[in-house]
Structures are given as structure tokens and as C-alpha cells.
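A.B. asks: Let me begin by handing over the structure; questions about it come next.
Bear in mind that the values in this text are calculations on the coordinates, not laboratory data. Just so we're clear, the structure is a prediction, and the values are computed from it rather than from any experiment. Note that each Cβ is placed from the backbone with ideal geometry, even for glycine, and that neighbours are counted across all protein chains shown.
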Amino acid sequence: ETGVTQSPTHLIKTRGQQVTLRCSSQSGHNTVSWYQQALGQGPQFIFQYYREEENGRGNFPPRFSGLQFPNYSSELNVNALELDDSALYLCASSPKTQRGETQYFGPGTRLLVL
Amino acid sequence: QKEVEQDPGPLSVPEGAIVSLNCTYSNSAFQYFMWYRQYSRKGPELLMYTYSSGNKEDGRFTAQVDKSSKYISLFIRDSQPSDSATYLCAATQLGGTSYGKLTFGQGTILTVHP
């Protein structure tokens, strides 16, 4: 176990709705990254947060947004859900003092959009 | 063309076999290379990471990076049924707007038969 927790574990939404996913980072880690993993594919980088600010972003539209809180936990918000948003959403934490390669993943939230 | 390419397999081997998993990449700026193991319906688990070219060994696992040919390998010796999982290679670069972004391959599904 990595110590990274995510909630909820599963979620079913309908197209057009909004969703919020939550992540608690491993103790001592101040950087959180979010990834989307479609079935049969590798994870795709959404964005990273460090000290409550977005530190980098992948090729995802603005309806994907996030927050990081002073305790380093994080939220991923997705507005106007589309069918293609159905995926496993992964949160990864890392200590900023080390390099970005040591990212530790949580178990993920499986989102189904109907 | 994807920045990291990985043969999805599936790969099936008998217990005790030596397993070779491979990836190629196209981005010359990549400096760190990682292997993750992902069991069904779980988050990816970091196995090993390597900086630049060279080998790194950890128990039954050996990671190799050849930057001249942009080739990443993971070898598993004395494979066990518990090694059955999806193996993901990933790469990242330091600095710039891509800091902290892991770029993953598609993943290779490995099954080790008793």
C-alpha cells in the first residue's frame, strides 16, 4: 500500500453532470498528480498540483479542473461529463524534494458516464 | 505517433521463465524511466526507476535503458504466478512545462502459468 487514498471507489453519472473526485496524498508528499486511464490503455496525465497551484497540465479541456488544499489533499472536478470521460481516475503523490519520477499511485476512482 | 510505445501482448509464460518486457520512446528529452506493475482493478505500483542509460537491479527485476536506441526493458527472472499483471513503462523529463508529467506506454499484460 502506498498510503495514497482516493474516494469514492466507484461512481456512475449521466452525461452533462458534474463530478468531484478526492485524493489524500502520502504523508510527507506535497505534490499531487492526476491521471486518466481508459480501459486497456496507459494512464494519461491530466495535471499536477504543488503548493496549491497547478504546476503542469496535459491535453485535457478546461472542464477538467482541480484544487489542492493546505494539507496537500486534492480534488479533481469534471464538468459537463461526456461518455468518453468513463475511465479510471488515478491520483499520484510525490515528495517535491525528489524528482518527479517517484510518483506513488492510489487505487483510483472508476467513473462510468451513461 | 505516441511518445512511448509498448507492445500490449498479451504475454503468457510458464513459471520460472525469464520475462522480457520492452518499450520504445521518441522524445529525446526524457531522462527518467520507470516501470509500474498494475494488478486488475488496482492502481499502478512503482517497481523501479532508472536515470538516463544503464542497468538497475532489484531482486528478480532488472531495468535497462539504452538512450542511443531509445529502448527501455524490464527483465523478470524466475517468474512467479504472482507476477501476473499489466506492466507499464513510463518516462519523464526534468524542468519546463512538462515537469512531473509521466508519459506511459499502453501496458503489457503478462500471465505466468504454474
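A.B. asks: What distance in nm lies between label points placed 7 Å from Cα along the C-beta direction at B:Ser28 and B:Glu15?
C.D. replies: Spacing of the two 7 Å Cα→Cβ label points: 4.8 nm.
A.B. asks: Using only alpha carbon pairs under 8 Å that are at least six residues apart, calculate the relative contact order of chain A and give it in whole percent. Working shown, then result.
C.D. replies: On the way: 293 pairs, mean separation 42.1, N = 114.
37 percent.
A.B. asks: Another one. Convert each backbone phi in region B:22-28 into a coupling constant with the Karplus relation 6.51 cos²θ - 1.76 cosθ + 1.60 (shift: θ = phi - 60°), then list the ³J(HN,Hα) values in order as whole Hz, x for Gly and Pro.
C.D. replies: Whole-Hz 3J(HN,Hα) from phi for region B:22-28: 9, 9, 10, 9, 10, 8, 5.
A.B. asks: If you don't mind, another one. I need the P(r) histogram for region B:62-114: all alpha carbon pairs, bin width 5 Å from 0 out to the longest distance, whole percents.
C.D. replies: 4, 16, 19, 22, 17, 11, 7, 3, 1, 0
A.B. asks: State the Cα centre-to-centre distance between region A:14-67 and region B:72-94 in whole Å.
C.D. replies: Their Cα centres are 24 Å away from one another.
A.B. asks: Calculate, axis by axis, the spread of Cα positions in chain B along the three principal axes, and write the results as whole Å, longest axis first.
C.D. replies: Principal extents (largest minus smallest coordinate, Cα): 46, 29, 23 Å.
A.B. asks: Per residue, how much space in cubic angstrom lies within the convex hull of the C-alpha atoms of the protein assembly as shown? Could the numbers behind the result be given before it?
C.D. replies: Details: hull volume 27.8 nm³, N = 228.
That works out to 122 Å³ per residue.
A.B. asks: Where in region B:1-74 are there chymotrypsin sites (Phe, Trp or Tyr not before Pro) that are in a DSSP coil and have at most 13 other Cβ atoms within 10 angstrom of their Cβ?
C.D. replies: Details: sites: B:Tyr25, B:Phe30, B:Tyr32, B:Phe33, B:Trp35, B:Tyr36, B:Tyr39, B:Tyr49, B:Tyr51, B:Phe61, B:Tyr71; in loops: B:Phe30, B:Tyr39.
Answer in residue order: B:Tyr39.
A.B. asks: Which pairs, out of B:Lys42/B:Lys70; A:Lys13/B:Lys42; B:Lys2/B:Lys56; B:Lys42/B:Lys67, put more than 23 Å between their alpha-carbon atoms?
C.D. replies: On the way: B:Lys42/B:Lys70 29 Å; A:Lys13/B:Lys42 21 Å; B:Lys2/B:Lys56 25 Å; B:Lys42/B:Lys67 31 Å.
Too far apart for the 23 Å limit: B:Lys42/B:Lys70; B:Lys2/B:Lys56; B:Lys42/B:Lys67.
A.B. asks: Run through region B:54-107 and list the trypsin sites (Lys or Arg not before Pro) located in a DSSP loop whose Cβ has at most 15 other Cβ atoms within 10 Å.
C.D. replies: Numbers: sites: B:Lys56, B:Arg60, B:Lys67, B:Lys70, B:Arg77, B:Lys101; in loops: B:Arg60, B:Lys67, B:Lys70, B:Arg77, B:Lys101.
Answer by residue number: B:Arg60, B:Lys67, B:Arg77.
A.B. asks: In terms of modelled amide H atoms, which long-range or inter-chain residues lie less than 5 Å from the amide H of A:Thr5?
C.D. replies: Counting only residues 5 or more places away or on other chains, the set is A:Ser24.
A.B. asks: Can you give the three extents of the C-alpha atoms in chain A along their principal axes, from longest to shortest, in whole Å?
C.D. replies: 41, 27, 23
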